[in-house]
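Have a look at the structure below, then the notes.
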2 protein chains.
Amino acid sequence: MAVSIPDSHRDLFDRPVVVTLVTVMPDGQPQATPVWIKYDGTHLLVNTARGRQKDRNMTRDSKVTVLSIDPDNPYRYVEVRGVVDEITEEGALELINELARKYRGAEQYYGGVAPAELRQRETRVTYKIRPVRVLAH
Amino acid sequence: MAVSIPDSHRDLFDRPVVVTLVTVMPDGQPQATPVWIKYDGTHLLVNTARGRQKDRNMTRDSKVTVLSIDPDNPYRYVEVRGVVDEITEEGALELINELARKYRGAEQYYGGVAPAELRQRETRVTYKIRPVRVLAH
């Protein structure tokens, strides 16, 4: 079962707030990077390209944590500890375009790049993170 | 040996930017919280109270990671992977007051609380994090 993000803090995922995604390196060291994110009501969805460090980490260790801090008030934040339920390339290009619209107001993430060239360049992947524990402050 | 924070990104610790501190829970799940921070040229210094989750985590597992994102440009950030070299109560109250001045413009963190009452209430602790790997973007 997924734990829900409380309504009081849902805006921290619905607004274009760049959040911190934490994965774990093979030696146990946390790896933290800023990412775009979408909450679909069940999972937190992040999107990256195959082969990147966070892709390799999430494929090996499903325990990940997301922190979203209100840009208008850093003392208001939500920490979501979760597990990666699914890793899929299906719909991943659509998702990165949706995130580009949300965060950049751009129509496409790869503006002007032909789909065939894009597939050669990199493979987009979506990670579906199921919240297990949510700490809202 | 500590790795240095490059001059190009030092402002992300010198300015009052609330950063993300990541520790590791006993089950391997990352724990991420916003914290105040100081860079003394060698270590990143954070300060909390004894008994809190991040205190317990850092005491058990010295591998921690800090992410500071430029509030004016979320695509400019620095990730510092490090180890806790030292945990000390010495100077910890002075440090939290220094951080309160930096982040809040307040003269004291515990304004108006008598030192004796303060010691009963909680014990402040400083964690000295030695950067091992720095990724500046």
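The values are calculated or read from the model by the stated rules, or taken from the named source; none is laboratory data. As the structure is a computational prediction, the values presented were derived from the model and not from experiment. Backbone-built Cβ (ideal geometry, glycine too); neighbour counts: all protein chains shown.
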Within the stretch A:17-39, of all residues that are at the interface with chain B (Cβ under 9 Å from one of its Cβ atoms) and assigned to a loop (DSSP other than H, G, I, E, B), the one nearest to A:ILE5 (Cα to Cα) is A:VAL17
For B:VAL134, are the conditions met, namely being surrounded by 19 or more Cβ atoms within 10 Å (Cβ to Cβ), modelled with pLDDT of 95 or more and among the β-branched types (Val, Ile, Thr)?
no
Looking across the stretch B:75-102 at residues that are surrounded by fewer than 17 Cβ atoms within 10 Å (Cβ to Cβ) and facing chain A (nearest Cβ under 10 Å), the single one that is farthest from B:ILE5 (Cα to Cα) is B:TYR75
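With the structure loaded, tell me whether A:TYR127 is over 15 Å from the mean Cα position of the chain (by Cα), under 30 Å from B:VAL35 (Cα atoms) and crowded, with 20+ Cβ neighbours inside 10 Å or whether it fails that test.
Numbers: over 15 Å from the mean Cα position of the chain (by Cα): no; under 30 Å from B:VAL35 (Cα atoms): yes; crowded, with 20+ Cβ neighbours inside 10 Å: yes.
Here the answer is no, as A:TYR127 does not meet what is asked.
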(1) within 10 Å of another protein chain (Cβ to nearest Cβ); (2) closer than 28 Å to B:ARG133 by Cα; (3) touching a residue at least 12 places away in the same chain (Cβ under 8 Å); (4) surrounded by fewer than 19 Cβ atoms within 10 Å (Cβ to Cβ) all hold for A:LEU67 apart from (4)
Scanning the stretch A:11-60 for residues that are surrounded by fewer than 16 Cβ atoms within 10 Å (Cβ to Cβ), of a type in the set (Lys, Arg) and touching a residue at least 12 places away in the same chain (Cβ under 8 Å) gives A:ARG50, A:ARG60
